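Peer 1: My questions all concern the structure below.
The values are calculated or read from the model by the stated rules, or taken from the named source; none is laboratory data. Note that this is a predicted model, so its numbers are computed, not measured. Positions of Cβ are generated from backbone atoms using ideal geometry, with glycine treated the same way; all protein chains shown enter the neighbour counts.
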Amino acid sequence: MQRQDSKLSPATVGYSGRRKRYILITIIAVPAIAGALIFANQQHPYGSSILLNFDSYGNNSIDKTFVHIDTGAPNSKGIWVIKTDPTAPSMPHILARLSDGESSSDYHMLIKRVGIYSNFQAGVKFKIISGEQSSAGLIIRFQDSDRYFVLQADARNHKFSLCRAQPGIILCTQDKDAYIATGRWHSIVAQVAGVGGEPGIVGYLDGIRLIQRYDQNYITGGQVGLWTKGDTTVYFDDLEADY
């Protein structure tokens with residue numbers, strides 16, 4: 001009996017080749033898409049957010065959900081106030097800490113009463129105007145006036161630091177050299193993990209990651225706020241938190 005070879009038509013061969021290519025593309029694409037979704041979730045892992053740009057406030061008014069705290073001196077030696085600034089990142093208003101010009105080593109804080117955050121990202125924009133101390137900061141894990149962390153921008157010494165307040169002292173546990181110009185807007189962002197994650201604090205200045213430290217102090221979380229030192233006059237805008 002004569003053997004007949006099995007032959008596929010060119011159309012059948014083309015279909016088979018395309019089918020194999022589709023299967024291969026699917027095998028490659030599914031993990032890639034899954035990876036992209038995981039990456040997106042890592043980049044945006046928070047479900048809620050707040051943003052305070054102070055534009056809905058009238059001049060000279062302060063939201064009653066804030067509380068101001070002054071330490072180290074019997075008098076506040078300055079005020080917190082809403083002002084108009086044509087250079088504001090989100091116009092027209094900013095929140096200002098205005099000093100009366102007296103130099104001292106005390107600290108001035110404005111704390112958002114609402115919100116206890118453990119795993120979150122917070123940020124603020126700031127512009128240091130004047131002062132011998134010339135320091136501004138973002139407070140995280142605030143417990144009380146003696147217990148909190150602050151990411152501090154020091155335009156006098158050109159340092160960006162992570163500092164921990166303890167009763168009677170503020171200890172800067174990590175700092176980096178960074179040029180911080182007065183009269184110019186800068187930004188601070190903190191990524192903070194507490195209960196349920198590595199107890200880390202990551203700090204960014206103007207979008208550049210400069211600080212990373214694992215610290216279990218005040219790990220259960222706390223409030224966020226703004227911070228200045230001594231005779232510093234500083235403007236703030238766009239205080240936000242994602243959590």
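Peer 1: For Gln216, indicate whether it is at negative phi and in contact with a strand residue (DSSP E or B) (Cβ under 8 Å, 6 or more places away or on another chain).
Peer 2: no
Peer 1: Something else about it: Assess whether Asp85 counts as being modelled with pLDDT of 90 or more, on the phi < 0 side of the Ramachandran plot and among the acidic types (Asp, Glu).
Peer 2: Yes; evaluated as a whole, the condition is true for this residue.
Peer 1: Return the residue satisfying two criteria in turn: it lies in the range 53-75 and is among the polar types (S, T, N, Q) and farther than 17 Å from Ile139 by Cβ, and of such residues it is modelled with the highest pLDDT. Lay out the reasoning, then the answer.
Peer 2: So in the range 53-75, the residues among the polar types (S, T, N, Q) come out as 53, 56, 59-61, 65, 71, 75.
If we keep only those that are farther than 17 Å from Ile139 by Cβ as well, we get 53, 56, 59-61, 75.
Values: Asn53: 92, Ser56: 85, Asn59: 75, Asn60: 76, Ser61: 72, Asn75: 64.
Step by step, filter the range 53-75, then rank; the result is Asn53.
Peer 1: Provide a single number: the residues in the range 143-169 that are in a strand (DSSP E or B) and either of a type outside the set (A, V, I, L, M, F, W, C) or at pLDDT 95 or above (or both).
Peer 2: Count: 18.
Peer 1: Looking at the range 203-226 only, could you name the residues that are surrounded by fewer than 18 Cβ atoms within 10 Å (Cβ to Cβ) and within 27 Å of Ala88 (Cα to Cα)?
Peer 2: Asp206, Gly207, Ile208, Arg209
Peer 1: Residues to consider are Ile188, Ile208, Ile201, Ile219; find the one that is assigned by TED's automatic domain parsing to the domain that holds Ser145, among the hydrophobic types (A, V, I, L, M, F, W, C) and at pLDDT below 95.
Peer 2: Working: Ile188 fails: at pLDDT below 95; Ile208 fails: at pLDDT below 95; Ile201 fails: at pLDDT below 95.
After applying the criteria, what remains is Ile219.
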